[in-house]
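Accompanying notes for the structure given below.
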Amino acid sequence: MERGFFMRNNRKMFLFLGICLIFFALLLRLFYIQVIDGSRLSKAASAQRITNSIIQIPRGRIIDKNGISFTNRKKKVLIIIKPLYLNGNEEDIKKICGILGEDFNTTRRLIEIKKEPIVIQADEEKKKKILDEKINGVSAINYLERYDEESLAKHILGYLNSIDKTGQSGLEKFYESALKFDCKNTVGVITDARNNLLEGLGYRIMADPYKGKKLNLKLTLDYHIQKIVEEVMEKNSVKGAVVVEDVYTGDIVAIASKPDYDQNSVGEYLNSPGKELFNKATAAYNMGSIFKIIDTAKALETELYLNPHYFCPGFIRIGNKTFKCHKQGGHGWVDLKRAFALSCNTYFIDLGIRAGHSGIIDMAKKFGLGEITGVKEQGVSEATGRLPETDTSFTRGDTANISIGQGEVMVTPLQVVDLIATVANGGIKNRINIVDSVIDDDGNKVREVRNTRGTRIISKETSDAIKEMMIEVVLSGTGSKANMEDYGGAGGKTGSAETGQLLDGEKVIQAWFAGFFPKVNPKYSIAVFVENGRMGNEAAAPIFREIAVEIVKKGY
């Protein structure tokens, strides 16, 4: 009995000691949480009360063939105003507003009602002035703006959504998955439950870690040539398009449409009558006399009889319809070379009718007219243009119209520049490229985009003969204002195409000049399209010359 009494007392003692140990452990844990780890946990809890303003969403760069960036070129300054430091301090608020050019009453009201940072864009001069004041509650950060007023190739690169900075158009949209980094940089404020700044944290600039690889988009465009093209177009107030192609690779090294737009204020252009958002370089227009290259290629390839003694009286009658030559009174006696140089309509109407409409259209298709060039697959929207179907009923009058690039024939400046490149390189039609590849930050290719396929469509003998005729156009024909003999020479073809539209009571006539340079071993082809420029030699040829000469002088 005595033994049982002691056993019961021992159990009670062990139970009591166990409860004491548990209670003591709880007290130690409570002490650790409240005293030792309290500051850390308080800060962690406060993370639920972070108010952020996004200042930048990093994104992969779009670069040219040499690694020069088209994006993120201009340094910008953001002034960060911290309301919780400035509330009630009217003297400092006045200084801030005076330097930044902000309205005092509006800024003071914002500071009174906000706790999150107020972000204002400024320049380096304003940044220096405001930091020199050493105002508590003001700081500045630098960042690279995606696009600015000097950005190039806007219609090709596209623009970003103003809210979430994702690609909204152009290459930005097409390559969104590659260019998006899935992170953001923010400036924020961390407060306690009573909106008091948390000691040691307060206002902070935060950057999310990158997720995955940083990828960039490499183009075939040459930044320097693109800049030349756009500067020449701006200087001459050109409304139209210019495209420059490397004749041996099919790479587009410059492509521009004017007027263009501000990529940071796209909304202003949505209903604009100027159609600044419309890319004229890949849109379809009436072709005009540049089509005579097609006629000539067909005649030479099929060894069609070429009349060496053709008389142009200034018109030609086809059935009961009369077609006029552009020169009143006619060109008199001409052969193919002279007719080409002078762009004699009657000669090429006669030639086209003898060649037949189906033969001419088939040759045009070989040059890629009436179908996409391939840049659509690389993210650039483009029109197919238009050619008549060969199986439809054709009159001799319809064939006459086609032979001089009128009627149903419509082409894009992109198609025209490639037509010239095919002639200039000896008769091989290359697949056009604007995008080269997706690369990582070290320049390694992650994905090849560029297509190197090429197909011979005319003989070298034919292309050489057409090149000689195009050189004569510039030396003594309708393209004299493209003459650049002091800089290696050039060959080309003028075009003026009636659209059937009226502007201020007059017919709208599109102006073209498309050519290659230098004349020996050509390096580039250029297509110049001027909206309602009327005469190719007057409106388009001088633009070709100025661009080509500048490229030669700068060694590009």
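The values are calculated or read from the model by the stated rules, or taken from the named source; none is laboratory data. Quick caveat, the model's predicted, so the values are computed rather than measured. Note that we place each Cβ from the backbone using ideal geometry, even for glycine, and neighbour counts take in every protein chain shown. The protein model used for the area step is the full one, side chains on, heavy atoms only, and it has no ligands, DNA or RNA in it. Shrake-Rupley method; radii C 1.70, N 1.55, O 1.52, S 1.80 Å.
Observations on the model:
- Scanning segment 157-190 for residues that are open to solvent by less than 30 Å² (accessible area, probe 1.4 Å) and either of a type in the set (V, I, T) or assigned to a helix (DSSP H, G or I) (or both) returns L157, G170, L171, E172, A178, L179, T186, V187, V189, I190.
- Scope segment 509-527; condition over 20 Å from M287 (Cβ atoms) and in a strand (DSSP E or B); matching residues: F517, Y524
- Strands (runs of 3 or more DSSP E) lying entirely in segment 443-508 (those with 3 or more residues that are hydrophobic (A, V, I, L, M, F, W, C)): 491-503
- Residues that are modelled with pLDDT of 90 or more and touching a strand residue (DSSP E or B) at 6+ places or on another chain (Cβ under 7 Å) are absent from segment 194-213 altogether.
- Here T390 passes the criteria (1) crowded, with 17+ Cβ neighbours inside 10 Å; (2) part of a loop (DSSP other than H, G, I, E, B); (3) touching a residue at least 24 places away in the same chain (Cβ under 8 Å); (4) of a type outside the set (A, V, I, L, M, F, W, C) except the one numbered (1).
- Flag if K65 is free of Cβ contacts under 8 Å to residues at least 12 places away in the same chain and not in a helix (DSSP H, G or I): no
- Among the residues of segment 320-344, those identified as open to solvent by less than 50 Å² (accessible area, probe 1.4 Å) and either out of contact with any helix residue (DSSP H, G or I) (no Cβ under 9 Å at 6 or more places or on another chain) or over 21 Å from I420 (Cβ atoms) (or both) are F323, C325, G330, H331, G332, V334.
- Segment 137-156, subset in a strand (DSSP E or B) and under 26 Å from K114 (Cβ atoms), residue most open to solvent (accessible area, probe 1.4 Å): N142
- Residues of segment 242-283 that turn out to be within 20 Å of I547 (Cα to Cα) and touching a Pro at 6+ places or on another chain (Cβ under 6 Å), as a count: 3
- Failed item in (1) under 27 Å from the mean Cα position of the chain (by Cα); (2) open to solvent by less than 50 Å² (accessible area, probe 1.4 Å); (3) within 22 Å of I252 (Cα to Cα), with S463 passing the rest: (1)
- Segment 478-500 residues that are of a type in the set (V, I, T), paired with ones that are assigned to a strand (DSSP E or B) and surrounded by 19 or more Cβ atoms within 10 Å (Cβ to Cβ) (beta carbon under 7 Å, 6 or more apart): T478/T494; T494/W512; T494/F513; T499/N286; T499/Q510
- Selection from segment 140-182 of residues that are more than 25 Å from V229 (Cα to Cα) and acidic (D, E): D164, E176, D182
- Looking at segment 259-371, the strands (runs of 3 or more DSSP E) lying wholly inside it that each contain 1 or more residues that are of a type in the set (S, T, Y) and more than 23 Å from A540 (Cα to Cα) sit at 310-312, 321-324.
- Selection from segment 61-96 of residues that are open to solvent by 10 Å² or more (accessible area, probe 1.4 Å), of a type in the set (S, T, Y) and at pLDDT 90 or above: S69
Listed here are the residues, each with its yes/no results for (1) buried (at least 20 other Cβ atoms within 10 Å of the Cβ); (2) out of contact with any Ser or Thr (no Cβ under 9 Å at 6 or more places or on another chain); (3) at pLDDT below 95; (4) within 20 Å of I404 (Cβ to Cβ).
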site	(1), (2), (3), (4)
E468	no, yes, no, no
Y487	no, yes, no, no
S496	yes, no, yes, yes
K507	no, no, yes, yes
Y524	yes, yes, no, no
I547	yes, yes, no, no
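- Index of the failed condition, D442 passing every other in (1) closer than 30 Å to Q378 by Cα; (2) in contact with a helix residue (DSSP H, G or I) (Cβ under 9 Å, 6 or more places away or on another chain): (2)
- Residue within segment 259-267 that is modelled with pLDDT of 95 or more and more than 30 Å from the chain's Cα centre (by Cα) present: no
- Verdict on I294 being modelled with pLDDT of 90 or more, within 28 Å of K154 (Cα to Cα) and open to solvent by less than 20 Å² (accessible area, probe 1.4 Å): no
- Boolean, A153 is at positive phi and modelled with pLDDT of 90 or more: yes
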